[in-house]
Amino acid sequence: MTLQTNALLDVEDVFDYMKKDLPVSTDPNYVLIESLINRASDFCETYINGPIINKSATIALDGDGSDELALPYYPIQSVSSVLVDGVDATDNIDFYPEGFIYYTTGDAFPKGRKNIQVTFTAGLGADKNAIPQDIKQAALLITHYWYKRDSLDYSQTYGESEVIVGQWRFPSIAAQMLDRYRRPNMAVI
């Protein structure tokens, strides 16, 4: 299940970084920055392969006979519901933030196809003020680079050695900031 990404920055953050006055919300530069922030926020989440601002999801997992199952997203903040073969087992389940749920009673998840339904919240912070600062900085650098690129002024700020020229096309320092949060390839919630 994919949910809309929350912006990792405010428009004001970008204009402050550029040392420019904040224009009115109908100004074309304001609208462009707002759009670029949303794109950069989505991009950061896609790049690390997981949620940044906490998101809730409900997924169906295959039971495998073990007492522990891996969730596809982490860090896990909470697990609100676990149904095992349609029966509520929430009170007997706990989780590891690293992305696993487990039985606290020693029971096992019965084998079956999509027979375990889990509702949980995963992410790095409740809102943009609670996420790691280096992720916010990466989103800011990406937004600024795209703004400069779109205004045909980027060559004065970012030299070719500072820009990834492959599929990502953003400052390499932003990639370094995001890399420590990057997870194995999986779908984003």
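The values are calculated or read from the model by the stated rules, or taken from the named source; none is laboratory data. Predicted model only: the values in this text are computed from it and were never measured. Counting neighbours? That spans all protein chains shown, and the Cβs are built from the backbone with ideal geometry, glycine included. These area figures cover heavy atoms from the full protein model, side chains too; ligands, DNA and RNA do not enter into them. Shrake-Rupley method; radii C 1.70, N 1.55, O 1.52, S 1.80 Å.
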Expressed as a whole percentage, what fraction of the accessible surface of region 1-71 belongs to carbon and sulfur atoms when a 1.4 Å probe is rolled over the protein heavy atoms? 46
Aspartates and glutamates with Cα under 20 Å of Lys136, excluding same-chain neighbours fewer than 8 positions away: Asp10, Glu12, Asp13, Asp16, Glu34, Asp42, Glu45, Asp127, Glu162, Asp179
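Only four residue types carry charge here, +1 at the Cβ of Lys and Arg and -1 at the Cβ of Asp and Glu. Report the dipole size of region 55-122 about the Cα centre in Debye, rounded to the nearest 20.
320
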Two-decimal Rg/Rh of region 64-157 from alpha-carbon positions, Kirkwood Rh? 1.27
Sum of side-chain charges, Glu12 neighbourhood, beta-carbon under 14 Å (Lys, Arg +1; Asp, Glu -1): -2
Stretch Tyr17-Ser56 to full length: gain in nm at 0.36 nm per residue minus the Cα-Cα span? 10.9 nm
Using modelled backbone amide H atoms (1.01 Å from N, in-plane), which distant-in-sequence or interchain residues come within less than 5 Å of Ser81's amide H? Thr119
Taking only protein heavy atoms into account and a 1.4 Å probe, give the accessible area per residue of region 21-154 in Å². 47
Here the gain from full extension of Asp134 to Val87, 0.36 nm per residue of separation minus their alpha-carbon distance, amounts to 12.7 nm
Contour minus Cα-Cα distance for Thr119 and Val24 (0.36 nm per residue): 30.1 nm
